[in-house]
Amino acid sequence: MNSMNTSRESKSLGLNPQDAFPECKSYPYFPGYGIPQIFPLKKDELLCFTGSCMLAAKGDYEATNALPTKNGESYEYVKSEPIKNALVSLGTVTGNMIPQEPVTKVKCLSEDGCRIQAMHIPPSLYVNYKQSLLGITTDVTVGVKSIVSTIKKGKLNLDLYISGKTYGKTYVESTADTTNGLIVTPDLKIVTYKRDKYFDFAINQQPTPKNNHQSRSGTINKSDSFYIVTGMNFDEIQTYVNTDTGSLTATVSGSNTFEWEPVKAGSDAENKTEWYYPEITATLSTKGGAYTKENVNQKYPGHHGLSLTWIIVIGVGCFVVLTIIIVVGVIVHKKIKHMDEAAKYSTIPVQ
C-alpha cells in the first residue's frame, strides 16, 4: 500500500506522476488489464493510481483525473474537477502513438471509510500520422475502440476495419480500426466465439504470437476476466491476396462475436469475490478524463458496426495496396502488443 511507483510513459513525456498530486503518498501497482483489487481507506485518506482505471467502492469517494497535456514543447498535468463516485479515469494516445497516462487521485468521503475497487483498463484511441517506408509515404489512421463489460451474461461484436488507397506510386492512405473487449465479472464464465473468415483474435487466457485459430467457432477456457484483441487470421488472409488482379483501393471489414454466461451452479466453484462494480457495457472515450456511470459510454469516432465486405476497384497496383493493408495490420498488432506490455509494466517501483 505504501510502495511508490512511476509510469514509464509519463517519464518519456518528461513528467513525474508524483508531481501531479504531491499530497498523495500511495501509488499501488496495477498487475494488468481487468484484475480488480480492493483498497481500504479511512475518511479523507488518499490513494493515487497511474494509468487508466475503473473504480467503484463500498462508501462514497471522489476522483480527480490529471491528464498529461502538451503545452508548447513540453507536457503538463491538467486536472479535472473532483468527480463523486467516478467510474473510470482515462488517459489518451496521441500523435505518433504516444501514450499519455493519467494520474488519478481517489479520496474517501464516507465517515465509516471506503473499500475502493480498482483495475487497469485500456482507453480507446484514434490517431492520424504520416510515416515513410521504402520510399512510400503513408498517411496512417489507427483506431482502437475499447469496450468494457461487467455484465454477468452478454454478447459482444468486436469489429475490424482495414483499408488502403494509392495515389500514384509514392503516396498511400491507410486505416486500421479495431475493436477490443475487456469482460470482467466476479463469476467464472464460459465464453463462446464465432469469427468471420479472415478475422481472428488473441486473448489473455490463450496468448499466441499470431492470430491463427483453425476453427471459425469454439469455446474459450473458463475465467473471470478476458481481454480480447481483434486482428486478422494470418494464414487465411494470405489465401485472399491475388497479385494478378489490379486495384487502387481495397477495404476489408469483419468481426468476431463473443457470448458469455456464468458457469452453472454445481458444475464448478463460483468465484466469491468482493465486488462493487455496476453491471455496464460501455465504449470508453478517446479523449481521456473522468466519467461516471451515467456518461461512461462514449461515441467512438472511427468505423464500427460493419458487416463483412470486400471492395475492389479495378486499376493497377493491387499487390502494393494489399501489402500496405498487411503493413497497417502489423502496425496495429505492434501497438496492441505495446499496450499489453504497458498493462503489465504500467507502473515501476521507485528504487
When both residues are 6+ apart or on different chains and their Cβ atoms are under 6 Å apart, which pairs have a first residue that lies in the stretch 95-114 and is assigned by TED's automatic domain parsing to the domain that holds Phe30, and a second that is part of a loop (DSSP other than H, G, I, E, B) and surrounded by 24 or more Cβ atoms within 10 Å (Cβ to Cβ)?
Gln100/Gly91; Glu101/Ser7; Glu101/Gly51; Glu101/Gly91; Pro102/Gly91; Val103/Ala20
If a residue has to be modelled with pLDDT of 95 or more and not charged (D, E, K, R) to count, how many in the stretch 93-121 make the cut?
15
Based on what the data block shows, is Thr192 closer than 27 Å to Arg216 by Cβ and either outside the structural domain of Glu274 (by TED's automatic domain parsing) or at pLDDT below 95 (or both)?
no
Could you say whether any residue in the stretch 53-72 is within 19 Å of the chain's Cα centre (by Cα), crowded, with 18+ Cβ neighbours inside 10 Å and outside any strand (DSSP E or B)?
no
Among the residues of the stretch 132-145, is there at least one that is surrounded by 14 or more Cβ atoms within 10 Å (Cβ to Cβ) and either in contact with a His (Cβ under 8 Å, 6 or more places away or on another chain) or not in a strand (DSSP E or B) (or both)?
yes
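For Glu81, are the conditions met, namely being free of Cβ contacts under 8 Å to residues at least 40 places away in the same chain, in a loop (DSSP other than H, G, I, E, B) and over 14 Å from the mean Cα position of the chain (by Cα)?
Details: free of Cβ contacts under 8 Å to residues at least 40 places away in the same chain: yes; in a loop (DSSP other than H, G, I, E, B): yes; over 14 Å from the mean Cα position of the chain (by Cα): yes.
Against the criterion (free of Cβ contacts under 8 Å to residues at least 40 places away in the same chain, in a loop (DSSP other than H, G, I, E, B) and over 14 Å from the mean Cα position of the chain (by Cα)), Glu81 qualifies.
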With the first residue restricted to the stretch 168-195 and required to be touching a residue at least 60 places away in the same chain (Cβ under 8 Å), and the second required to be among the aromatic types (Phe, Trp, Tyr) and not in a strand (DSSP E or B), Cβ contacts under 6 Å at 6 or more apart or on different chains are Pro186/Trp275
Has the stretch 205-214 got any residue that is buried (at least 22 other Cβ atoms within 10 Å of the Cβ) and either part of a strand (DSSP E or B) or on the phi > 0 side of the Ramachandran plot (or both)?
no
Only one of these conditions is not met by Lys70: (1) of a type outside the set (Gly, Ala, Ser); (2) at pLDDT below 95; (3) within 25 Å of Lys272 (Cβ to Cβ). Which number is it?
(3)
Those residues of the stretch 281-303 which are crowded, with 19+ Cβ neighbours inside 10 Å and at pLDDT below 95, in sequence order
Gly302, His303
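The values are calculated or read from the model by the stated rules, or taken from the named source; none is laboratory data. None of the values given here were measured: they were computed from a predicted structure. Neighbour counts run over all protein chains shown; Cβ positions are idealised from the backbone, glycine included.
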